[in-house]
Amino acid sequence: MNKRELLDRFARNGDQRLLLARVLDQQQRAEQRGVPTHTGFLSPAEQAQSADILMAAAPRQGILFGGYPEAERKLWAFLPDWMEEETWQMGEDCPVCALEVKVPREADLSHRDYLGSLMGLGLTREKLGDILLTEGGAQILVLREALPILLSQWEKAGRYPVRLRELPLEGLTPAPGEVKQVRATVATQRLDAVLAAGFSIPRSRAAELIRAGRVMVNHRPCEKGDKALGAGDVLTCRGLGKCVLTQVGGTSRHGRTIVELERYI
């Protein structure tokens, strides 16, 4: 299929078509010119959407990279045949870099505070990766092209002054996300039943959220409450958060399926 046919098949709306077109452009540029290329940072949903079209257009091409293995926001990198991934990550062609931010001891800034301050500088979201909160500040993943703007123009986060320095990627210290272990029984491994168990809501409410288009499975929209789930599936619900179906066990004395989930809090 050519580019237009691929976009017609995979894009669900105008915004998605624009995103997928940019991803394909970078993949084709790397292939035709023999140089490394990359996209901006993408959300997990955008990563899933673009992975589908890349699988059809260029199987086994493209690397998702966000600066550290567990990164949520990642970019697609496309490398020429002569370049190894490890060499790329350690060299000047790698577009991902990190910034260490220190704020006064009394500051109690949130992820939203840092993000708002950064976007107030005119940076778009695709220039910014994960924001890792640390004691006394934060570590921020950014595109290398945006680093000079931050170092020269970023003076405050909220009402607090910031002290900045570039941080090697190996110096990142991501904290594991806080999760709540949920063990429950469900009548079936359908999406509506597992969603209800994971977020401790009535199954009827779960069905309403699914029909309203607020639920994603593995970062892809899903409006089918009867979709069968398995271990490893990631559920996200706008307004409720994220949970992962970690294990499907045996059956209870009443014939219900035992499931275990991790809910991010």
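The values are calculated or read from the model by the stated rules, or taken from the named source; none is laboratory data. Just so we're clear, the structure is a prediction, and the values are computed from it rather than from any experiment. Positions of Cβ are backbone-derived with ideal geometry, glycine not excepted, and every protein chain shown enters the neighbour counts. For accessibility, only protein heavy atoms count, side chains too; no ligands or nucleic acids. Shrake-Rupley method; radii C 1.70, N 1.55, O 1.52, S 1.80 Å.
A quick yes/no check of all residues on (1) aliphatic (A, V, I, L, M); (2) over 28 Å from ARG12 (Cβ atoms); (3) open to solvent by 20 Å² or more (accessible area, probe 1.4 Å):
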{"site": "ALA187", "(1), (2), (3)": "yes, yes, yes"}
{"site": "ILE201", "(1), (2), (3)": "yes, no, yes"}
{"site": "ILE210", "(1), (2), (3)": "yes, no, no"}
{"site": "GLY213", "(1), (2), (3)": "no, no, yes"}
{"site": "CYS222", "(1), (2), (3)": "no, no, no"}
Seminar exercise, completed: In the stretch 135-182, anything assigned to a helix (DSSP H, G or I) and open to solvent by 20 Å² or more (accessible area, probe 1.4 Å) is listed as ARG144, GLU145, PRO148, ILE149, LEU151, SER152, GLN153, LEU169, GLU170, GLY171
Problem set entry | Residue match in the stretch 61-68 (condition: surrounded by fewer than 16 Cβ atoms within 10 Å (Cβ to Cβ), in a loop (DSSP other than H, G, I, E, B) and under 22 Å from the mean Cα position of the chain (by Cα)) | yes
For this session: Exactly one condition in (1) closer than 30 Å to LEU141 by Cα; (2) open to solvent by less than 30 Å² (accessible area, probe 1.4 Å); (3) within 23 Å of the chain's Cα centre (by Cα) is not met by GLY230; state its number.
Result: (1)
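Being in contact with a helix residue (DSSP H, G or I) (Cβ under 8 Å, 6 or more places away or on another chain), open to solvent by 70 Å² or more (accessible area, probe 1.4 Å) and charged (D, E, K, R): is that true of GLU85 here? Don't jump to the end; show me each part of the working.
Values: in contact with a helix residue (DSSP H, G or I) (Cβ under 8 Å, 6 or more places away or on another chain): no; open to solvent by 70 Å² or more (accessible area, probe 1.4 Å): yes; charged (D, E, K, R): yes.
It is false that GLU85 is in contact with a helix residue (DSSP H, G or I) (Cβ under 8 Å, 6 or more places away or on another chain), open to solvent by 70 Å² or more (accessible area, probe 1.4 Å) and charged (D, E, K, R).
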Exercise. What tally of residues in the stretch 218-265 results from selecting those that are hydroxyl-bearing (Ser, Thr, Tyr) and more than 13 Å from VAL179 (Cβ to Cβ)?
Worked result: 4
Exercise. Between residues in the stretch 246-262 that are under 10 Å from VAL186 (Cα atoms) and residues that are modelled with pLDDT under 95 and assigned to a strand (DSSP E or B), which pairs lie under 9 Å by C-beta distance while being six or more apart or on different chains?
Worked result: THR257/GLY249; THR257/GLY250; THR257/THR251; ILE258/GLY249; ILE258/GLY250; ILE258/THR251; VAL259/GLY249
